[in-house]
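First up is the structure itself, then whatever we jot down about it.
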Amino acid sequence: MTTRRQLANAIRALSMDAVQQANSGHPGAPMGMADIAEVLWNDYLSHNPANPHWPNRDRFVLSNGHGSMLIYSLLHLTGYDLPMQSLKDFRQLHAGTPGHPEVGDTPGVETTTGPLGQGLANAVGMALAERILAGQFNRPGHNLVDHYTYCFLGDGCLMEGISHEACSLAGTLGLGKLIGVYDDNGISIDGKVSGWFTDDTPARFRAYGWHVVADVDGHDAEAVKAAIEAARAVTDRPSLICTKTTIGFGAPNVCGTHGVHGAPLGDEEIQATREFLDWPHGPFEIPDAIYQGWDARARGAAAEAQWRETLAAYRQAHPELAADFERRMAGELPARFADHAAALIESAQADGKDDASRKHSQAVLNGIGPHLPELVGGSADLTGSNNTWWADCTQVTADDADGNYLFYGVREFGMTAIMNGMALHGGLIPYAGTFLVFSDYARNAVRMAALMGVRSILVYTHDSIGLGEDGPTHQPIEHLPSLRLIPNLDVWRPCDLTETAVAWQAGLERTTGPSALALSRQKLPHQSRQPEQVEAIRRGGYVLHDPDTTAQGVIMASGSEVGMAMAAAEALAAEGHPVRVVSMPCIERFRAQPQDYRDAVLPPALTVRVAVEAAAPDSWRAFVADERGLVGLNGFGASAPAAEVYEHMGLTTEAVVAAFKAQLAG
């Protein structure tokens, strides 16, 4: 009979062989956690290799993603569509086994991990999504949403500050279906962590309100099983299982050292490991008995079939709720969402008033929120300033999960990574706010959202020096162009209610990546438009104003500076210089348009061009060849009323006029 240790040794062998063949990778963590993974995946994890996306599967997150051969070995051995050739081609182009796990590349990988700590925060988001969806859909006798989220994590994850942000909130919210397994092997790349990481981790997590199972021998299958049982028995708070392991277990000469963390073992050590583990099989050879011991296909199919029966009974008892659940888990918006959005945009254009775009955003939420039960909002302790709370919001708490709003506290990074986990889980569309300047705190999670292609809405208010008296610590300068550098992130900076409504619709309809909304603190003037101009907003850039005679040039702007561009065009027209004005709420959308459309908005013959934006001007160099046409900010702001700061920084209508005329003069 195949033993647990032999099953675990299959992971060790595949991991060391794949890293050796690739001549790069991290064999230590997979070899150290193999025994833990064997118990979890064979005895507890509810999953179906034939259908990696069935809604009520358990979620498994490898937060210490550098140990990616652990999850690839597990997926291959349990029967996922990950053939042995993919493991042989570890870290090679399009092999399905990238250096760090990537969602969408490999069946069964739930999230992209590698930046340490973020997988743990994603797992919090997944467990939170399970909790919210259970609160919204489960009914007496019908537990439609009922699954666990398991997360493997290492020392590096716990050293990263995001672990504090996410785990503190998870404890407060009492996420009882979240179980973390800490690989306490005492080693990181630089060596023994005792020189720089001496936290009392069990005490730390108890302080967060977690249930902690401490001092578990990670190489004793029965001890691991008892720990998981203890964790699953506690349902009112998340659990952390602290396991003691030896990194690179089985490699007799390098185990327990940093030498096995992130480098191939070498041929001699691999041979010694095979002898130590009594694994007589060649590279990438797995005996049939080992495959049979791992095969989860029949068990997984049965688990899904049982849940499908639960769904059928639920559909019979609650047909409307069932239809809504299936729609949401499929990532589809309500059938009439486009109609509601169109009506809202039409009303916005007809009745729009001068106001801050952050308040316009709240008005849009009040208009579309009642039609989108999947919306889950929040803010990093700036709800009243971000205007992210709308009329029908209710708070998600430890005692009441049937809500749609989270008070994240001052945790921008954790908030964004948690949103990523919620979006990846499915069934919810998360949005949350902070000040634009604090997007820096969250930046890597924003990048991960774009890399993974998740649908989330990042509400960034107080988007310029226009916030005024709070001064340069809170006035973003480089943030807009910096965010625009992130591939697959749409950055919207609307100038009034109409553009704000279009931006929200675009972000909600976009299923391939996140959208950021940069919104003003100060009032902005409402702009008049014809229906065809309103329709063109979604293309990212459009002609807002054209003179009656041939234009001598173009002024383009976004957000709060669109009004300034219109004022400059009026001043220039009075001097005999007709000017086209282009509003550019989303540069990414505009650049994705066909060349003929872009040329129609910005005719190549119109070489006199000015771009004005209360930010560093780098984003506009693609459209403005003459440096004199870039009217922006090249230094930090100042603490004063907004109008005075604009004047002090030289961002004025007069400056735009002067930039235009300077080019006319040659």
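Which of the peptides 637-648, 367-378, 192-203, 142-153 is most tightly packed, and how do the rest follow, judged by the mean count of other Cβ atoms within 10 Å per residue?
Numbers: 637-648: 16.9, 367-378: 20.0, 192-203: 12.6, 142-153: 22.8.
Result, highest mean Cβ count within 10 Å first: 142-153, 367-378, 637-648, 192-203.
Legend: translational diffusion of the chain by Stokes-Einstein, Rh = Kirkwood radius over C-alpha pairs, 20 °C, 1.002 mPa s; D = 80 µm²/s. At full extension, Thr473 and Ala391 could sit 26.3 nm farther apart than now, given 0.36 nm per residue minus the alpha carbon distance.
The residues of the stretch 532-666 expose, per residue, 42 Å² of accessible area to a 1.4 Å probe.
Seen against the Cα atoms of the chain and their longest principal axis, helix 297-317 is set at about 50 degrees. The slack between Asn366 and Ala665, meaning 0.36 nm per residue of separation minus the straight C-alpha distance, is 102.7 nm.
Rg/Rh for the stretch 113-223 (Cα atoms only, Rh after Kirkwood) is 1.02. Quick one: if the Förster radius is 25 Å, what FRET efficiency do Ala233 and Ser194 give, using the C-beta to C-beta distance and rounding to 0.05? Plugging the Cβ-Cβ distance into 1/(1 + (r/R0)^6) gives 0.15. Computed from the Cα positions only, the extents of the stretch 1-153 along the three principal axes stand at 53, 39, 25 Å, in decreasing order. Taking all protein chains in place and a 1.4 Å probe, what share, in percent, of the accessible surface of the stretch 356-428 do carbon and sulfur account for? About 45 percent, which is the carbon plus sulfur part of the accessible surface. Taking amide H as placed 1.01 Å from N in the peptide plane, Val181 has its amide H under 5 Å from the amide H of Cys151, Phe152, Leu153, Ile241, each at least 5 places away in sequence or on another chain. Rg over Rh of the stretch 525-666, using C-alpha atoms and the Kirkwood radius, what does it come to? Answer for the stretch 525-666: 0.95. Bridgeable lysines around Lys359 (alpha carbons under 29 Å apart, same-chain partners fewer than 8 residues away excluded): Lys523. Scoring 595-601, 626-632, 60-66 by mean Cβ neighbours within 10 Å over their residues and listing the highest first yields 60-66, 626-632, 595-601. Projected over all directions and averaged, the alpha-carbon convex hull of the stretch 289-378 occupies 9.7 nm². Between amide H atoms placed 1.01 Å from N, distances below 5 Å from Ile429 occur with Leu375, Val376, all of them 5 or more places distant or on a separate chain. Please give, to one decimal in nm, the separation of the simple spin-label points placed at Asn253 and Gln530, each 7 Å out from Cα toward the Cβ. Between Asn253 and Gln530, the simple spin-label model gives 8.0 nm.
Note on Asp626 and Ala571: the model spin-label points, each 7 Å out from Cα along the C-beta direction, lie 1.7 nm apart.
The protection proxy used here, the mean number of other Cβ atoms lying within 10 Å of each residue, ranks peptides 560-572, 87-99, 420-432 as follows, highest first: 420-432, 560-572, 87-99.
Were the residues from Tyr291 through Asp400 laid out at 0.36 nm apart, the gain over their Cα-Cα distance would be 34.9 nm.
Where the accessible area of the stretch 481-633 is counted over protein heavy atoms with a 1.4 Å probe, how much of it, in %, is carbon and sulfur?
51 percent
Once C-alpha pairs closer than 8 Å and six or more residues apart are averaged by separation and normalised to the residue number of the chain, the relative contact order reads 12 percent. Of the beta bridges in the chain, as assigned by DSSP with both residues counted there, near 15 percent are antiparallel. Scalar couplings 3J(HN,Hα) for the stretch 161-168, obtained by applying the Karplus form with A = 6.51, B = -1.76, C = 1.60 to θ = phi - 60°, are x, 4, 4, 5, 4, 6, 6, 4 Hz; x denotes Gly and Pro. Solvent-accessible area per residue in the stretch 303-456 equals 39 Å², computed with a 1.4 angstrom probe and all protein chains kept.
Give me the angle, in degrees from 0 to 90, between the Cα long axis of helix 357-368 and the longest principal axis of the Cα atoms of the chain, rounded to the nearest 10. Relative to the chain, helix 357-368 is tipped by roughly 60 degrees. Each label was represented as a point 7 Å from its Cα along the Cα-to-Cβ direction; for Gln595 and Asp548 these points are 3.6 nm apart. In this calculation the C-beta distance from Asn51 to Ala605 is compared with R0 = 60 Å, giving a FRET efficiency of 0.60. Under 5 Å from the amide H of Leu517 lie the amide H atoms of Leu458, Val459, Tyr460, Trp492, each residue being 5 or more positions distant or on a separate chain, with H modelled from the backbone and absent for Pro and chain starts. Most simply put, the stretch 538-665 has about 20% antiparallel DSSP beta bridges, counting only bridges with both residues inside it. Charged side chains reduced to their Cβ positions (Lys and Arg at +1, Asp and Glu at -1) give the stretch 330-447 a dipole of some 380 debye around its Cα centre. Couplings 3J(HN,Hα) for the stretch 87-104, derived from phi with the Karplus relation 6.51 cos²θ - 1.76 cosθ + 1.60 (θ = phi - 60°), are 6, 5, 9, 3, 6, 9, 4, 6, 7, x, 9, x, x, 10, x, 10, 5, x Hz, where x marks Gly and Pro. Rg/Rh, computed from the Cα trace of the stretch 424-517 with Rh as the Kirkwood radius, has the value 0.97. Rounded to whole numbers, the Karplus 3J(HN,Hα) couplings from phi for the stretch 198-212 are 10, 4, 8, 4, x, 5, 4, 6, 4, 5, 6, x, 7, 7, 10 Hz, using 6.51 cos²θ - 1.76 cosθ + 1.60 with θ = phi - 60°, and x at Gly and Pro.
Taking the Cα centre of each part, how many Å lie between the stretch 505-547 and the stretch 105-172? Each part's Cα centre sits 34 Å from the other's.
The values are calculated or read from the model by the stated rules, or taken from the named source; none is laboratory data. Given the structure is predicted, the values throughout are model-derived calculations rather than measurements. So basically every Cβ, Gly included, is an ideal-geometry build from the backbone, and we count neighbours across all protein chains shown. Surface accessibility is based on the protein's heavy atoms, side chains included, excluding ligands, DNA and RNA. Shrake-Rupley method; radii C 1.70, N 1.55, O 1.52, S 1.80 Å.
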